[in-house]
1. Please state which one of Ile225, Ile214 is surrounded by fewer than 23 Cβ atoms within 10 Å (Cβ to Cβ) and within 16 Å of the chain's Cα centre (by Cα).
2. What number of residues within region 178-200 satisfy the criterion of being of a type in the set (Ser, Thr, Tyr) and either touching a Gly at 6+ places or on another chain (Cβ under 9 Å) or not in a loop (DSSP other than H, G, I, E, B) (or both)?
3. Please specify each residue of region 239-292 satisfying the condition of being acidic (Asp, Glu), in a helix (DSSP H, G or I) and free of Cβ contacts under 8 Å to residues at least 40 places away in the same chain.
4. Kindly indicate whether any position in region 120-131 is closer than 23 Å to Trp245 by Cα and either more than 18 Å from the chain's Cα centre (by Cα) or not in a helix (DSSP H, G or I) (or both).
5. For region 248-268, state whether one or more residues are crowded, with 19+ Cβ neighbours inside 10 Å, of a type outside the set (S, T, N, Q), under 26 Å from Ala44 (Cα atoms) and under 16 Å from the mean Cα position of the chain (by Cα).
6. Taking region 233-255 on its own, how many of its residues are in contact with a Leu (Cβ under 7 Å, 6 or more places away or on another chain) and among the hydrophobic types (A, V, I, L, M, F, W, C)?
7. In this structure, is Val221 closer than 29 Å to Asp282 by Cβ and either at pLDDT 85 or above or not in a helix (DSSP H, G or I) (or both)?
8. Identify, from the list Ser203, Ser211, the residue that is in contact with a Ser or Thr (Cβ under 6 Å, 6 or more places away or on another chain), at pLDDT below 85 and either closer than 30 Å to Arg253 by Cβ or part of a helix (DSSP H, G or I) (or both).
Amino acid sequence: MFKKKSKVRASKKRSYMSELWRNYKKNPSAMIGLIIVVVIIIIAIFAQITLDYNQDIVQQNMKERLQKPSSEHIMGTDQYGRDVLVRVLYGAKYSLAVGIISVAISCLIGSSLGLIAGYYGGVIENLILRSTEVFMGIPSVLLAIAIMAAFGQSLFVLMLAIGLVYVPMFARTARAAVLPVRDEEYIEAARVSGVGDLKIIFSHILPNSLSPIIVQVTMGVANGILTASHLSFLGLGVPVPAPEWGAMLSGGREFIRDYSFLTFYPGFAIMITVLSFNLMGDGLRDATDPKLKQ
């Protein structure tokens, strides 16, 4: 009997995922975004495996400084003679890592707070909501700068700062997703059966509230990459000489008049990555919206 129930649940899960994928494929722009994201991830992994950080990324060659794009250096060289193409490819690792890990932090903390607020309501809900409103009233970049000023500048602190900045966003999204679910009959049945609150939240409510949270995750990765680029541009992101795209933009801005390629290529990499994650988020939102399913 238990095996039959588990098989039914697995088949329902497979049917839901297949339906989600079928709806997602109907959106051409979402598919383009997915393909570009996959390509960027492959590039980041490939660059990490094949390139030597000290020799290919950091080592300076002043004899070849500020060379314009050519067959030898497709994207030119920077003010220290380093190949821009190699640094842009290697920099994908930092932007993806910051975006994904920071969103994991904000999703874990924010979604937990939102689930608790939506399930219990009352004083607990008001306390969590008022706290998130205080943080949302502070500009995200300014709040991240304050956190980094308190804990110091490093890659881990950058991920933590961006993760904490977007906690309120995930908390409000999770709470909104819980509200229509918490009064369903199967939740009431679980309460009457003596099931604990935490088990109800994470075993019954969370699986039925995942869709908007997943959409928010993809949007959050794009926001995290953009915020990391802002901070690196201000000199507060990934420590130099790491080839983070925002830091490359900052380093090339004084040469923008005569050597615009120093800012164009990392800026284009930021733009196409953020756009791709946003397209994925829009596609997931449309695929999980019952009103848009055909």
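The values are calculated or read from the model by the stated rules, or taken from the named source; none is laboratory data. Everything numeric here is computed off the predicted structure, so don't read it as measured data. Note: ideal-geometry Cβ built from the backbone for every residue, glycine included; neighbour counts use all protein chains shown.
1. Criteria check complete, one pass: Ile214.
2. Step one: filter region 178-200 for residues of a type in the set (Ser, Thr, Tyr), giving 186, 193.
Add one more test, that the residue is either touching a Gly at 6+ places or on another chain (Cβ under 9 Å) or not in a loop (DSSP other than H, G, I, E, B) (or both), and what stays is 186.
Number satisfying all stated conditions: 1.
3. Here is the first cut: in region 239-292, the ones acidic (Asp, Glu) are 244, 254, 258, 282, 286, 289.
Those left that are additionally in a helix (DSSP H, G or I): 254, 282, 286.
Scanning region 239-292 gives a single hit, Glu254.
4. First, pick out the residues of region 120-131 that are closer than 23 Å to Trp245 by Cα: none.
No, that holds for no residue.
5. Looking through region 248-268, none of the residues is crowded, with 19+ Cβ neighbours inside 10 Å, of a type outside the set (S, T, N, Q), under 26 Å from Ala44 (Cα atoms) and under 16 Å from the mean Cα position of the chain (by Cα).
6. 3
7. yes
8. Matching residue, one of Ser203, Ser211: Ser211.
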